[in-house]
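Everything on this sheet refers to the single structure shown next.
The values are calculated or read from the model by the stated rules, or taken from the named source; none is laboratory data. In this text, all values refer to a predicted model and were calculated from it rather than measured experimentally. No Cβ is skipped: glycine too gets one built from the backbone with ideal geometry, and neighbour counts run over all protein chains shown.
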């Protein structure tokens, strides 16, 4: 028998069938490629929609130019909403399980899953720190500078993927990531007022906060991808239940610490919230859920490109709907970003597979030994 090393299809070994096996493997690889591309397209479109809608909801949530609610309460309610979504999906999966399959929500299964997924406490804790750092950075840098500094995450994420996930990148892909960083910076340079300084005058510890601001969310994203893919057969909703559960716990502890310093009145997590903030919480929850699908079924780099595209589409929508001017920096920036994306995902830039990938093996039909 001749067996394809990719799809494991077997046919009788004769001189006329080797080409048929090769054609079958090509069709199999094409089907997988089309499914992967379609899934990636759905993820990117959904992420662009949610990320593009977020600035509008943030603007609508302001009253008198400031926020009347606690940002920590928004993070806590967002994590709680994601927990309820994960539980709902697990209940749906439990009703659709086949006869003889062990329920995901049984006590023994849940305890075993809790032991296997304790790893999610790490990215949940890092995400909680990152949500707090977003506000700390505003004390030391202008908002436009904060956005440009966050672009350094692109290269940090790539380095962490190489170290933690053993991901291989070609020279062209490294150059594409550098182009992405340059393109975003060129685009955002227009938001820094002429003659203004990037840093606030009193900047003690600013560089340390910058290092943490760049490294913590990058490590959280990569480690989250590692945790999700390390148990690929486990239901993503079960994994999300523990990730979001840990996130809710850490944010609740932050609320308790805030209450110690500001008084019991800060325990009212619904204070200052409106319909706009509720929509913002739902949007943030949907982004977090979609990100988990990125990390498990795609990768962190695609998520970064998707977020960049969302920013571009937001700028174009602002010009169409509100008459905002598209500067030459914006045109140059998005041109560089699109070139970077084409270069990174081009087949010519992919790392070559090993020599045994896709080869044909001769198999003994009697003892199944290759």
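Quick look at the values:
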| item | result |
| --- | --- |
| Identity of the residue in segment 71-97, in a helix (DSSP H, G or I) and free of Cβ contacts under 8 Å to residues at least 12 places away in the same chain, that ends up nearest to residue 124 (Cα to Cα) | 84 |
| Some residue of segment 306-313 being surrounded by fewer than 16 Cβ atoms within 10 Å (Cβ to Cβ) and either over 30 Å from residue 230 (Cα atoms) or modelled with pLDDT of 80 or more (or both) | yes |
| Elements of type helices (runs of 4 or more DSSP H) contained in segment 99-177, each with 3 or more residues being closer than 28 Å to residue 340 by Cβ and modelled with pLDDT under 85 | 121-140, 143-150 |
| Search result, residues across segment 251-276 that are within 28 Å of the chain's Cα centre (by Cα), within 26 Å of residue 217 (Cβ to Cβ), assigned to a helix (DSSP H, G or I) and modelled with pLDDT under 85 | 276 |
| Any hit, segment 178-198, residues being surrounded by fewer than 20 Cβ atoms within 10 Å (Cβ to Cβ), modelled with pLDDT under 65 and touching a strand residue (DSSP E or B) at 6+ places or on another chain (Cβ under 8 Å) | yes |
| Selection count where residues are under 26 Å from residue 242 (Cβ atoms) and either touching a strand residue (DSSP E or B) at 6+ places or on another chain (Cβ under 7 Å) or part of a helix (DSSP H, G or I) (or both), scope segment 289-315 | 16 |
| Single residue of 227, 286, 248 found to be closer than 28 Å to residue 167 by Cβ, in a helix (DSSP H, G or I), in contact with a helix residue (DSSP H, G or I) (Cβ under 8 Å, 6 or more places away or on another chain) and modelled with pLDDT of 90 or more | 286 |
